[in-house]
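Please treat every number below as a calculation from the coordinates, not as lab data. From a predicted model like this one, the values you see are computed outputs, not experimental measurements. Quick reminder, even Gly has a Cβ in these numbers, built from the backbone with ideal geometry, and neighbours come from all protein chains shown.
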């Protein structure tokens, strides 16, 4: 490992009020077998080590905020959506005890229900996107700009990890670390995570992958997963055109090696699922991705 490698652990979460952070130290050293160790405790034996600084929020909070507004009917519980995409929330009304589903437009607030008091607790589920939108069968260009051929190592219904609803119609494309990833369609960036540096195949890594999601006009999302740490070239709220650079490829999170995990997602009703799609190459040929196919990067249109 390169001498002087540093580790920065930062948890960036949007809170309903003041962010309260705590700082600390981590120690980096080699064990008896020569493997690197990262720990909040120094080595027991006297040996060379490095001290690494990190900070972490103590008060995580979702980007869906709830608040009461007093009116002539009593109190109205409002929900504010801070995402750049509509979201759907589902809950049981404490007033009627009936199941309720509501779509909150991007960056807006809506009233959920009225109550005689402002102490009602609401347990809710939610998902990105508007479930009433219908995919328009768009033909997608390659999600990378490299002219080099890249192999599809896992396609739809792949046996290794493409079995659940969220990944069933995903495509894994092998590529060198640092390959530019590009927008397959015009849209709005609604999710960016590029703060994690490691990879592995245990359950610990299932939620660690860096990624970018772009919302399209038909309500679908293009999802680019396993991007390289600190390489996002866009931020949430940015508008992108077909072929615009988004980030660089990597191997973060649940991954066996450098590749792009690409999928088209939609909200099927409080649940994001992957849907089948087709690519179109630079010569206009339409194809369904299959394992062992060689893909060439898209020309910017």
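Remarks
- Shape category assigned to the stretch 64-128 from the gyration tensor of Cα positions, a/c cut at 1.5: oblate
- By the count of other C-beta atoms within 10 Å, a proxy for reagent exposure, 268, 223 are ordered fewest to most as 268, 223.
- Calculated FRET value between residue 122 and residue 299, using beta carbons and R₀ = 35 Å, to 0.05: 0.10
- Using the Cβ-Cβ distance between residue 285 and residue 218 with R0 set to 22 Å, the FRET efficiency from 1/(1 + (r/R0)^6) comes to roughly 0.45.
- From least to most packed, judged by other beta carbons within 10 angstrom and beginning with the fewest, 236, 88, 97 follow the order 97, 236, 88.
- Paramagnetic label reach from residue 73 (point 7 Å along Cα→Cβ; backbone nitrogen cut-off under 13 Å): within the stretch 93-108, residues 95-96.
- Separation of the residue 278 and residue 106 label points, Cα + 7 Å toward Cβ, nm: 2.8 nm
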